[in-house]
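Here's the structure we're looking at; comments come further down.
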Amino acid sequence: MKLENNSAIVRETLRTRFAPSPTGFMHLGNLRTALYSWLYTKKNNGSFVLRIEDTDRSRYVDGAVEVIYETLKECGIKWDEGPDIGGDYAPYIQSERKNAYLEYALELIKKDCAYYCCCPADSEAECDCRNSNLEKRGSVIRQKVPKTGKTSFKDEIYGEIIVENEEIEDQILIKSDGMPTYNFANVIDDHTMNITHIIRGNEYLSSTPKYNLLYEAFGWELPVYIHVPQIMRDATHKLSKRDGDAYFSDFKAKGYLTSAIINYIALLGWSPKGEESENEIFSLAELTEAFTTDGISKSPAIFDLEKMRAINAEHIRRLSPDEFKRIATPYIGEYPINYDILCNALQPRTEVLTDIVAQVDFLEKPSDYSRDLYNNKKMKTSPESAAGTLPESLNVLSGLGNSDSAEFNKDNLYSAFKKLSEKSDKKPGYYLYPLQVALTGKPAAPGGGLDICVMLGKGESMNRIKKAIERLEEN
Ligand SMILES: [Zn+2]
């Protein structure tokens with residue numbers, strides 16, 4: 001197999017690629033690289049290529065490629081070419097291209113830009129192989145980097161980067177088993193797939209001169225480089241898997257919305273310019289409009305969980321009531337209650353979906369509470385006042401409609417309690433706060449006493465109030 005870049009389609013279309021290794025997880029940093037590449041490509045009507053870099057078979061994890069597909073699909077990042085959908089430059093899985101790389105390395109040897117080396121991998125001393133260039137059993141092929149001069153290139157974000165050639169090591173291109181190294185396969189693939197713009201983390205800035213010397217040796221046109229800052233946990237540490245929350249799946253499990261994860265990671269290292277410069281809340285479509293590379297920062301981006309929560313809360317508020325109900329229900333569980341009223345109360349009180357669980361723990365039965373919970377200065381209530389108002393509340397409920405009929409609604413409940421409070425010259429809260437305590441056993445609940453009444457239904461509400469009255473009498 002000979003990989004050829006198809007010169008008929010040369011450089012008329014902008015082409016970017018996302019080239020993850022199948023590790024089984026999607027690191028937020030990788031996902032952000034995919035996102036930036038995709039946004040940039042969409043903005044420029046280009047083609048976004050998905051390539052799987054699986055040459056390191058020792059690290060291969062079953063099902064890992066599917067994790068890449070599923071994560072990107074869920075995020076709305078659609079690739080134009082890739083292993084599953086094919087394209088003009090197939091195959092898109094590096095291990096299926098493995099026989100092609102040696103040929104390129106041999107071409108470099110002919111050009112005196114690479115050489116055989118049979119020294120032990122851990123050998124510290126500089127070997128003499130680059131001068132003899134003999135193939136021996138167990139040889140690797142190394143890049144022959146000039147000993148003098150400089151290599152420079154322009155990065156779209158970091159500007160001109162100049163490296164002394166003597167600082168660049170003669171990296172291995174082909175391993176002793178004939179397989180390419182990551183660094184070599186990457187360059188060959190980018191060229192043969194006609195990738196015009198390379199967007200990746202700035203940890204590759206220092207390797208780029210080595211890559212460029214290869215492009216030069218082959219006489220290939222360099223791609224445009226857009227290196228992006230790293231995502232840091234704090235000023236000195238990268239956000240790593242050891243933090244336990246570096247993966248897309250971690251945040252999904254913690255109750256973050258996909259749209260909010262995308263929104264937040266977009267802002268890690270990029271900020272909008274112009275009209276949108278004050279805005280922080282973006283859907284994927286809005287990001288596609290707003291994204292420009294001049295908003296990419298050079299400085300490392302520090303991961304801020306509080307900000308991510310705040311952005312998630314905004315995305316939750318943006319959901320339609322039906323959509324919120326659909327995604328909240330698994331966190332609520334199944335009860336014979338009015339979900340519309342509950343979800344209506346929960347939606348503005350939820351920052352991440354897992355917050356819901358503790359808020360609805362009263363649905364099964366009221367939380368265990370002490371009679372002190374009836375003390376509320378603002379509402380002027382106490383266990384004693386509750387002992388007086390709860391029986392009145394029970395009367396109100398029992399007088400309203402048959403069991404759980406349409407008459408048992410919030411408006412009717414409200415008018416009835418309003419009459420009660422006018423008659424006694426107390427505020428409605430004087431009745432409604434103890435009602436909420438009786439129904440939930442909690443100082444704060446998703447919705448006030450009336451919401452909870454309608455949510456639980458007439459029968460269940462009355463049972464709970466009766467039990468609360470009994471408890472007050474016991475003490
Ligand atoms: Zn050697």
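The values are calculated or read from the model by the stated rules, or taken from the named source; none is laboratory data. None of the values given here were measured: they were computed from a predicted structure. Methodologically, a virtual Cβ is constructed for each residue, glycine included, from the backbone with ideal geometry; neighbour enumeration extends over all protein chains shown.
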**Count of region 93-123 residues which are out of contact with any Asp or Glu (no Cβ under 9 Å at 6 or more places or on another chain), polar (S, T, N, Q) and either more than 9 Å from the ligand (Cβ to nearest atom) or in contact (Cβ under 8 Å) with a residue 12 or more places away in the chain (or both)** = 1
**Prompt:** For region 124-167, list the strands (runs of 3 or more DSSP E) that sit wholly inside it and hold at least 3 residues that are more than 16 Å from the ligand (Cβ to nearest atom); which are they?
**Reply:** 150-155, 159-164
**Complete:** Across (1) closer than 30 Å to Glu203 by Cβ; (2) buried (at least 18 other Cβ atoms within 10 Å of the Cβ); (3) in contact with a Leu (Cβ under 7 Å, 6 or more places away or on another chain), Ile296 clears everything bar (3)
**Asked** Does Lys307 satisfy the condition of being outside any helix (DSSP H, G or I) and loosely packed, with under 15 Cβ neighbours inside 10 Å?
**Response** no
**Message:** I'd like to know if region 392-402 contains one or more residues that are of a type in the set (Ser, Thr, Tyr), outside any loop (DSSP other than H, G, I, E, B) and closer than 24 Å to Asn338 by Cβ.
**Reply:** yes
**Message:** Considering only residues that are assigned to a loop (DSSP other than H, G, I, E, B), at pLDDT below 90 and either under 15 Å from Met179 (Cα atoms) or not acidic (Asp, Glu) (or both), which ones fall in region 81-123?
**Reply:** Cys118, Cys119, Pro120, Ala121, Ser123
**Request:** Could you list, in sequence order, all residues of region 419-475 that are at pLDDT below 95 and polar (S, T, N, Q)?
**Result:** Ser421, Ser424, Asn475
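Here's the yes/no breakdown for (1) in the same structural domain as Leu39 (by TED's automatic domain parsing); (2) of a type in the set (Val, Ile, Thr); (3) surrounded by fewer than 20 Cβ atoms within 10 Å (Cβ to Cβ):
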{"site": "Met179", "(1), (2), (3)": "yes, no, yes"}
{"site": "Tyr182", "(1), (2), (3)": "yes, no, yes"}
{"site": "Ile198", "(1), (2), (3)": "yes, yes, no"}
{"site": "Tyr204", "(1), (2), (3)": "yes, no, yes"}
{"site": "Leu214", "(1), (2), (3)": "yes, no, no"}
{"site": "Pro223", "(1), (2), (3)": "yes, no, no"}
**Request:** Please work out if Asn375 is free of Cβ contacts under 8 Å to residues at least 12 places away in the same chain, closer than 30 Å to Lys426 by Cβ and over 28 Å from the mean Cα position of the chain (by Cα).
**Result:** yes
**Request:** Determine whether region 173-189 contains at least one residue that is touching a Ser or Thr at 6+ places or on another chain (Cβ under 9 Å), within 14 Å of the ligand (Cβ to nearest atom) and closer than 30 Å to Leu28 by Cα.
**Result:** yes
**Request:** Could you grab me the full set of residues in region 269-310 that are within 23 Å of Gly76 (Cα to Cα) and among the polar types (S, T, N, Q)?
**Result:** Ser271, Asn279, Ser283, Thr288, Thr292, Thr293
**Prompt:** What do you reckon, is Tyr40 more than 16 Å from the ligand (Cβ to nearest atom) and aromatic (Phe, Trp, Tyr)?
**Reply:** yes
**Request:** Kindly indicate which of Ser415, Ser461 is among the polar types (S, T, N, Q), in a helix (DSSP H, G or I) and surrounded by fewer than 21 Cβ atoms within 10 Å (Cβ to Cβ).
**Result:** Ser415
**Item:** Failed item in (1) in a loop (DSSP other than H, G, I, E, B); (2) in contact (Cβ under 8 Å) with a residue 40 or more places away in the chain; (3) not aromatic (Phe, Trp, Tyr), with Ile341 passing the rest
**Value:** (1)
**Item:** The lone exception for Gly447 - which of (1) out of contact with any helix residue (DSSP H, G or I) (no Cβ under 8 Å at 6 or more places or on another chain); (2) at positive phi it fails
**Value:** (1)
**Item:** Per-region count, region 441-458, residues assigned to a loop (DSSP other than H, G, I, E, B), in contact with a Leu (Cβ under 9 Å, 6 or more places away or on another chain) and free of Cβ contacts under 8 Å to residues at least 60 places away in the same chain
**Value:** 1
**Request:** Scan Glu392, Glu364, Glu351 and give me the residue that is more than 21 Å from Lys418 (Cα to Cα), free of Cβ contacts under 8 Å to residues at least 40 places away in the same chain and charged (D, E, K, R).
**Result:** Glu364
